[in-house]
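Shown next, in structure tokens, is the structure this report addresses.
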Amino acid sequence: MAAEPRAQDDERQPGGVPMKILTVIGARPQFIKAAPVSRAIRSISGGRTGTNAIVEVLVHTGQHYDREMSDVFFQELDLPEPAHHLGVGPGPHGQQTGRMLEGLERVLGMERPDLALVYGDTNSTLAGALAAGKLRIPIAHVEAGLRSFNRAMPEELNRIVTDHLATYLFCPTSLAVKNLSCEGIVTGVHLVGDVMHEVLQLSLPVAKARSRVLEQWSLSSKAYDLVTVHRAENTDVRERLAGILQGLARLDRPAVFPCHPRTKKMIDQFGLASLLSSSRVRVIDPLGYLDMLRLESEAAVILTDSGGVQKEAYWLGVPCVTLRDETEWVETVDAGWNRLAGTDPAAIVAAAHTAFDALPSESGQLYGDGTAAERILGILQAAA
């Protein structure tokens with residue numbers, strides 16, 4: 001039996017029950033994106049009554065399951081302890097998403113929220129949208145409308161399905177709004193800016209004051225490159241992963257490589273560890289948000305296949321080389337802060353070598369003014 005939204009319009013009166021939002025997160029980028037919205041919700045929840053009151057129930061799917069990929073982010077971003085932890089862990093896409101669906105259906109039936117809130121483009125995003133959609137619970141999608149136009153990416157399929165199920169679509173850019181319009185989605189679409197910008201603005205001074213990651217690894221500012229690799233299109237294809245590692249070994253500067261657990265697993269499985277034997281590539285364990293932010297801010301060049309890191313590089317004014325053939329964040333490329341290199345070793349080296357050529361004099365405001373969470377909250381309050 002479907003779990004209908006819990007409250008009715010006539011209960012949305014002063015002294016009535018607050019709107020209940022069930023937020024689904026499970027991976028590092030979602031922890032970061034959820035932090036400012038969750039903080040904004042808590043700031044107005046107060047007595048938990050009234051026409052604009054909102055209560056958030058946080059659900060962690062367990063998609064990122066070790067401490068450095070999960071717990072430390074909750075601590076550093078001041079996210080509340082999840083009310084429900086599904087403990088799904090790793091696995092093939094179908095298995096992982098199926099286990100999430102099973103757990104989320106149970107939680108949604110128990111909590112009977114008025115709205116399900118999902119972020120980004122992971123399997124947790126897809127599972128949250130599918131589970132809520134089948135139970136006829138309205139869905140809000142933060143970071144709606146992004147398109148790489150590469151359906152070989154699991155993330156692209158997750159985005160498309162989620163957007164077509166969502167009632168509220170919170171877009172970071174005008175291009176995202178246009179992408180939705182081209183797919184016939186025009187109702188419930190809101191241009192709000194990017195929530196990650198607000199997190200970075202608040203966290204960068206803290207990272208510079210608290211993080212000792214440069215001292216720990218004896219790094220000098222602007223004397224190293226920073227690398228992140230985690231996308232399945234790169235990690236799960238031997239030729240692409242080998243091309244990236246070969247390119248890293250040939251960079252002009254030493255490279256620091258916080259290695260995602262899946263990436264490390266595939267390097268070992270494909271027998272590519274010898275490509276990292278160069279002393280110029282320093283492989284380290286995954287880092288918390290503050291340490292990673294300080295590393296990014298002090299790097300000479302950032303090489304990544306992460307969408308979030310591309311944006312962080314832009315906000316920090318650090319040249320970026322994207323280890324993919326396309327990106328959803330095309331604005332960073334058009335503005336001159338980001339170069340697409342793919343996974344060809346020569347292209348990677350050339351892009352990193354010329355990353356400082358013709359950099360813009362200023363970065364501008366491609367992704368809003370850092371008030372996306374406030375805008376999202378205002379729209380949700382209007383619906384409460």
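Taking R0 as 45 Å, what's the FRET efficiency between Ala346 and Asp78 from their Cβ-Cβ distance, rounded to 0.05?
Efficiency, rounded to the nearest 0.05: 0.55.
For region 212-353, with only Lys/Arg (+1) and Asp/Glu (-1) charged at the beta-carbon, what is the dipole magnitude about the Cα centre, in debye rounded to 20?
I would put it at about 440 debye.
Packing-wise, with mean Cβ within 10 Å as the measure, how do 294-300, 96-102 rank, highest first?
294-300, 96-102
What is the gain in length, in nm to one decimal, between Ser221 and Met110 on full extension, counting 0.36 nm per residue of separation less the C-alpha to C-alpha distance?
34.9 nm
Find the relative contact order for region 212-353 and round it to a whole percent, using C-alpha pairs within less than 8 Å whose residues are 6+ positions apart.
Over region 212-353, the number comes to 28 percent.
Given the peptides 165-176, 114-125, arrange them by the average over their residues of other C-beta atoms within 10 Å, most packed first.
Descending mean neighbour count gives 114-125, 165-176.
Under 12 Å Cα-Cα from Lys265, which aspartates and glutamates qualify once same-chain neighbours fewer than 8 residues away are excluded?
Asp236
If the reach is capped at under 18 angstrom between alpha carbons, list the lysines near Lys33, excluding any in the same chain fewer than eight residues apart.
Hits, sequence-local ones excluded: Lys311.
For the chain, what does -39500 (n - 2.57) per DSSP helix run (n ≥ 4), summed and divided by total residues, give at 222 nm, in deg cm²/dmol to the nearest 500?
Calculated from helices alone, the mean residue ellipticity at 222 nm is -13000 deg cm²/dmol.
Which peptide among 255-267, 361-373, 320-332 comes first, and what is the full order, when sorted by highest mean count of other Cβ atoms within 10 Å?
Most protected by this proxy first, the peptides run 320-332, 255-267, 361-373.
For Asp334 and Glu239 in the same chain, what is the full-extension length gain: residue separation times 0.36 nm, less their Cα-Cα distance, in nm?
31.4 nm
Across all directions of projection, what mean area in square nanometres is found for the Cα convex hull of region 212-353?
Projected area, direction-averaged: 7.4 nm².
Taking the simple approach of a point 7 Å from Cα along Cα-to-Cβ for both Val161 and His353, what is their distance in nm?
Roughly 4.3 nm, to one decimal.
Using the crude model of +1 on Lys and Arg Cβ and -1 on Asp and Glu Cβ, and no other charge, please compute the dipole size for region 154-280 relative to its Cα centre, in debye to 20.
560
Using only the alpha carbons, work out the radius of gyration and Dmax of the chain in angstrom.
Both quantities, over Cα of the chain: 20.7, 67 Å.
Laboratory data are not the source of any read-out in this text; all were calculated from the coordinates shown. Predicted, not measured: the structure shown is a model, and the values here were computed from it. Glycine also receives a Cβ, built like all others from the backbone with ideal geometry; neighbour counts cover every protein chain displayed.
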